[in-house]
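Structure, as structure tokens:
The values are calculated or read from the model by the stated rules, or taken from the named source; none is laboratory data. Worth saying up front: this structure is predicted, and the values here are computed from it rather than measured. Quick reminder, even Gly has a Cβ in these numbers, built from the backbone with ideal geometry, and neighbours come from all protein chains shown.
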């Protein structure tokens, strides 16, 4: 039986790895609010009688309302729709161009608490029932927590399940009562006629008829931060969402545990709505997996190619220490810079509206002087190589530069010529080819840079670094 339960747990890893997109996530889940968002908690009170679910959606805002109306999205089939202000019981529902709106008094300064009411019809003569997208959602509202209370006059046997953590249940003379609560928005609900036994495993509630118990070794950075419900049953078809999974199958693959950890890690970090995908890079960094979108994978590869082992450990530590903070691209840049001692805009560059993926490079936070004259440029670090802007550095040293038709860069001085091809391991000096062990000139984010090592070797230049500056000097006879 232990092996059965372990296999069930393993199967959930694969399910979660695929559940990366949330139902109506722009209204109810990840992301930090923008200046127009209202922060709120919400409660859903559901009364089930016959074939009808009577639902009250209570919204408890955390601050003053800065707008006169909020669009709401209702589930398909909703009827008997109304909205009232909780303090006055005044009607607050309007409809414009087919869009339902919650409306407020002009100049409303106090927190506005209101309730949305509606009814859904679902057949009740079943052995199981899955309610998907049964909930209303308020646009421009950031939900910190959701509670769900179900009062059931019809399903007097069996059990209700939610992706939110079960708070308790009671069987009374004429009703059954269930309560769930958790962070973020609501989840799908599921009922089945056959009760199941619960096994709680570090943030996972596994419901199964197995009597076995087990444990799973979850990383410290996700313990206690996330909750997910997994139901093993053959009374319905398999289902998966972000926090509620139903399966009738078993899998036993070690890699699936890693996928679960990756998914948990991604969901435990909060980003603005337009930067949610950055959570994939955080998850990759902490789990050492390469998952998510192509952009996320390539950015993570750039990070591991650019950081030393010590720097990578520091980066992971900073991510873990700031897990509960709302994150954004600028904060990730700051922590990446703190891990290396340099400065970067890597994440900010990549959330900007640009088709290409910006490569990771760091600026050395010191002024650069050429023959004691300060340059308007910085030394950069790319994949542990020290680089300087190719054109401005050599021009400051007195060299003439021209781009040729074959995209070669011609560098001349005192009758000597150098011809460089970006990202090639050779150069041409006075029309003779010379092979090198690495690329002297590389292109990063559309700009050409010369490796400090080859700048010194090929041009007889001296580069000295002190605590306050970087000094580049020509030989005395130049």
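The single residue among 407, 391, 366 that is over 30 Å from residue 321 (Cα atoms) and either assigned by TED's automatic domain parsing to the domain that holds residue 307 or assigned to a loop (DSSP other than H, G, I, E, B) (or both) turns out to be 407.
Within region 417-427, does at least one residue satisfy the condition of being in contact (Cβ under 8 Å) with a residue 40 or more places away in the chain, under 33 Å from the mean Cα position of the chain (by Cα) and assigned by TED's automatic domain parsing to the domain that holds residue 466? Outline the logic, then answer.
We begin by selecting, within region 417-427, every residue in contact (Cβ under 8 Å) with a residue 40 or more places away in the chain; these are 418.
Now drop any that are not under 33 Å from the mean Cα position of the chain (by Cα), which leaves none.
Taking every residue of region 417-427 in turn, none turns out to be in contact (Cβ under 8 Å) with a residue 40 or more places away in the chain, under 33 Å from the mean Cα position of the chain (by Cα) and assigned by TED's automatic domain parsing to the domain that holds residue 466.
Note on region 235-283: residues that are at pLDDT 75 or above, in a helix (DSSP H, G or I) and under 29 Å from residue 131 (Cβ atoms) total 7.
Being crowded, with 17+ Cβ neighbours inside 10 Å and within 22 Å of residue 127 (Cα to Cα) is not true of residue 184.
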